[in-house]
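First up is the structure itself, then whatever we jot down about it.
The values are calculated or read from the model by the stated rules, or taken from the named source; none is laboratory data. Please read all numbers here as calculations on a predicted model, not as lab measurements. So basically every Cβ, Gly included, is an ideal-geometry build from the backbone, and we count neighbours across all protein chains shown.
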Amino acid sequence: MTRPWDFEYRALGRYGDPAPGNHFVVATRDSTDPEVLARALRRVDPGVRLESVLVRAPLFWYRVQTESLRVAPDLGDALGAAGCHVRYVTSTEQGSMSLGARLDVSLAPVATPRDWHVREPSAVHDVPGSDRWFLDEHGGVGAKRAVCGTGAGTRLAVIDDVAGDVDALELDAEVCIGQASAPKGSSHGAMMVAWSVGTRGRPSDDVAPFRGVAPDASPRLYLIPKPAGDVLSLPLAIVRAVDDGADVVVCATYVETTTSPLLDDALEVAVRLGREGRGALVVFPTGREVSSPNGSVHASLTLELGDPASDPRVLCVAPSSRNGGWFLWTDKNGLARPFANRGPSVRVAAPGDDMAYPFAKRPRLGHAESSGASAIAAGVALLVLATNPDLRVDDLVSVLTRSARRPEPEVSDAPFADVADVLPLAGDADGHDAKCGYGRVSALAACLSVADPVASTLASLGEELAAERYLELRAEPGPVRSAYSPTWARWAARALRRDELAAQAAATLARHLRLIAGSEGRLRAHASGAMIRALVFVLDRLADAGPPPAVRDELEALRRRCLDTGRGLDQRTNLENAWFQTASEVWGSHTPAHEHTETRERRGSSVGGLDHSA
């Protein structure tokens, strides 16, 4: 039996029962006086030390250092006996698959930006070149500025553990978590910022500014200690970044084996309270694990189900190559190898091969791997949020995955080091495969999907050129521009994605307009008013989606206009003629297929036996 989805799915099994330790976090249900907790613990360990780590509803974390109570249940029992409202106790030194009590965010304040300035849109001209391929449509993310913009008004948080080359960045702030300063030995964190947003250049080095995917986003760098033996700093950094107002958070440092109830809490705060309650997007790379697990002769290359990148609240990103397939590299022996883990949790892919080095005086390419890919995907997410700022995080993830480009097959001039490395051979019927998720992110397709309901519908049909042309007409003075407001357009694009009946009705209307474009004969062959009826159905469905007052008023005005035109044949004809003219401009004139058929029939062909040589 063929199993095209199968591969060497063996994790290294690095999570086990927590070993005894000395450092823990106690998470309580509400704010508690640290001295009350300390007194309860001193009954069994007089030398215990306790301090507040995070007091921000709904998170109340207290760090405990103890010698006598070496496992979490002992601390929980001691605190429970004293009447403390404990959600969980967990180690700060090692990851754990344990679960805490469900986090209640119902009364918690949402996160709002605090002293984090955003940038205004600027004129960005992306200069084509071999080092800028990751912005192109072929193999790259297709960041067409006319549609996708520059990410102005958005905020990016990059979490890393090194801060080399930060002097070349235009950072809003550099924030240290759990340490006074970060080492400067590597530029890894700075490159994440640069690929996502860009640099300001250094005149002393004669280095011009590097433009990333979202060059007008506002970035901050959050610096944590090396994760080894520390599972607290990453959740703290996520919560701090979200609470400061981040729209997107990228965690591209080594975070494997750091899953814990603390991380659960941090991610829950991100998706439930981030971006004023709409949810902040957290992005993780797949990572790369080449060790062989027990019982296997193959490299693992398996994204463990328990690792942070596999969390369902995270956008997990794999690296893609120039042709859009999974990223392969050639080792010193001339053998092709992959550079990323794979697994069911991979959501999307983004460019990670032959990326331009942002701080080089001359164009230089290098392997960005899954870290760089996560930075590129974060930049795309910023472009989408700048296009439609009111998207919820679940909408954003849906847009990024549904609009992704299907991956191309792996291409390598070198023999594979191990054929097992490039399995699975194929994906699932829903378009997902273990190596590239749902495919390579597309800024163009994603931004079209959220900019406008008409453009969104056209993009869903694969008519991206038509969608771009329609947005051009929307930008020009005239009836298309005045038909509805940008605010209504963004809201309707969001609402349309959540209503399958409305989306299908809109798609039917778009297909109808595509078929009649440029052919008045086809237009007249259908009943006058049929298109208006189809549009009113969509408007009525949207009205049931609970629009805000301003949008609801405009929605009702649009419906009244349709109803008024329905009172007379001439009025219906005038409105539908206007739609016909717009469709003809979007698709251009064409010769209807039936005219070709009629020509062939006049030559003696029949429908069942057309003369294909004609």
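What to note about this one:
- Breaking point among (1) over 39 Å from the mean Cα position of the chain (by Cα); (2) on the phi > 0 side of the Ramachandran plot, for Ala40: (2)
- All of Ala495, Ala489, Ala483, Ala475 fail the test of being farther than 24 Å from Ser403 by Cβ and not aromatic (Phe, Trp, Tyr), apart from Ala483.
- Residue within the range 292-307 that is among the acidic types (Asp, Glu) and crowded, with 21+ Cβ neighbours inside 10 Å present: yes
Table: residues versus (1) crowded, with 22+ Cβ neighbours inside 10 Å; (2) aromatic (Phe, Trp, Tyr).
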position: Trp61; (1), (2): yes, yes
position: Gly95; (1), (2): yes, no
position: Gly100; (1), (2): no, no
position: Val105; (1), (2): no, no
position: Ala108; (1), (2): no, no
position: Pro121; (1), (2): no, no
position: Asp126; (1), (2): no, no
position: Gly149; (1), (2): yes, no
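- Checking Thr150 against (1) part of a loop (DSSP other than H, G, I, E, B); (2) at pLDDT below 95; (3) more than 22 Å from Val242 (Cβ to Cβ), the condition it does not meet: (2)
- Of all residues in the range 491-506, those being surrounded by fewer than 16 Cβ atoms within 10 Å (Cβ to Cβ) and among the aliphatic types (A, V, I, L, M) number 1.
- Scope the range 287-334; condition farther than 16 Å from Lys435 by Cα, in contact with a strand residue (DSSP E or B) (Cβ under 7 Å, 6 or more places away or on another chain) and in a loop (DSSP other than H, G, I, E, B); matching residues: Arg313, Asp331
- From the list Gly229, Gly212, Gly201, the one residue that fits, being in the same structural domain as Ala377 (by TED's automatic domain parsing), surrounded by fewer than 22 Cβ atoms within 10 Å (Cβ to Cβ) and in contact with a strand residue (DSSP E or B) (Cβ under 6 Å, 6 or more places away or on another chain), is Gly201.
- Which numbered condition Arg56 fails, given (1) on the phi < 0 side of the Ramachandran plot; (2) of a type outside the set (A, V, I, L, M); (3) modelled with pLDDT under 90: (3)
- In the set (1) at pLDDT 95 or above; (2) of a type in the set (D, E, K, R); (3) closer than 30 Å to Ala336 by Cβ, Asp433 fails one condition alone, (1).
- Enumeration of residues in the range 519-537 that are in contact (Cβ under 8 Å) with a residue 60 or more places away in the chain and either crowded, with 19+ Cβ neighbours inside 10 Å or of a type in the set (Phe, Trp, Tyr) (or both): Ser519
- Selection within the range 94-138 - touching a strand residue (DSSP E or B) at 6+ places or on another chain (Cβ under 7 Å) and in a loop (DSSP other than H, G, I, E, B): Ser96, Ser98, Gly100, Ala101, Pro113, Trp116, His117, Val118, Arg119, Val124, Asp126
- Any hit, the range 158-174, residues being modelled with pLDDT of 95 or more, touching a strand residue (DSSP E or B) at 6+ places or on another chain (Cβ under 6 Å) and surrounded by 24 or more Cβ atoms within 10 Å (Cβ to Cβ): yes
- Gly588 surrounded by fewer than 14 Cβ atoms within 10 Å (Cβ to Cβ), outside the structural domain of Leu391 (by TED's automatic domain parsing) and modelled with pLDDT under 90: yes
- Qualifying residues in the range 176-219 (those that are of a type in the set (S, T, N, Q) and part of a helix (DSSP H, G or I)) - the one nearest to Lys144 (Cα to Cα): Ser196
- Answer residue from the range 336-384, given it is at positive phi and touching a helix residue (DSSP H, G or I) at 6+ places or on another chain (Cβ under 9 Å) and is surrounded by the most Cβ atoms within 10 Å (Cβ to Cβ) among those: Gly343
- Here Val239 meets each of (1) among the β-branched types (Val, Ile, Thr); (2) within 18 Å of Cys176 (Cβ to Cβ); (3) part of a strand (DSSP E or B) with one exception, condition (3).
- Qualifying residue in the range 271-290 (condition: touching a Gly at 6+ places or on another chain (Cβ under 7 Å), without any contact (Cβ under 8 Å) to a residue 60 or more places away in the chain and within 26 Å of Leu385 (Cα to Cα)): no
- In the set Val110, Val147, Val105, Val141, only one residue is touching a Lys or Arg at 6+ places or on another chain (Cβ under 6 Å), touching a residue at least 40 places away in the same chain (Cβ under 8 Å) and of a type in the set (Val, Ile, Thr); that residue is Val105.
- Residues of the range 406-455 that are acidic (Asp, Glu), closer than 30 Å to Ala503 by Cα and in contact with a Gly (Cβ under 7 Å, 6 or more places away or on another chain): Glu408, Asp433.
- Top-ranked residue of the range 243-268 - restricted to ones that are among the charged types (D, E, K, R) and assigned to a helix (DSSP H, G or I), ranked as surrounded by the fewest Cβ atoms within 10 Å (Cβ to Cβ): Glu268
- Asp394 surrounded by fewer than 21 Cβ atoms within 10 Å (Cβ to Cβ) and either in a loop (DSSP other than H, G, I, E, B) or outside the structural domain of Glu289 (by TED's automatic domain parsing) (or both): no
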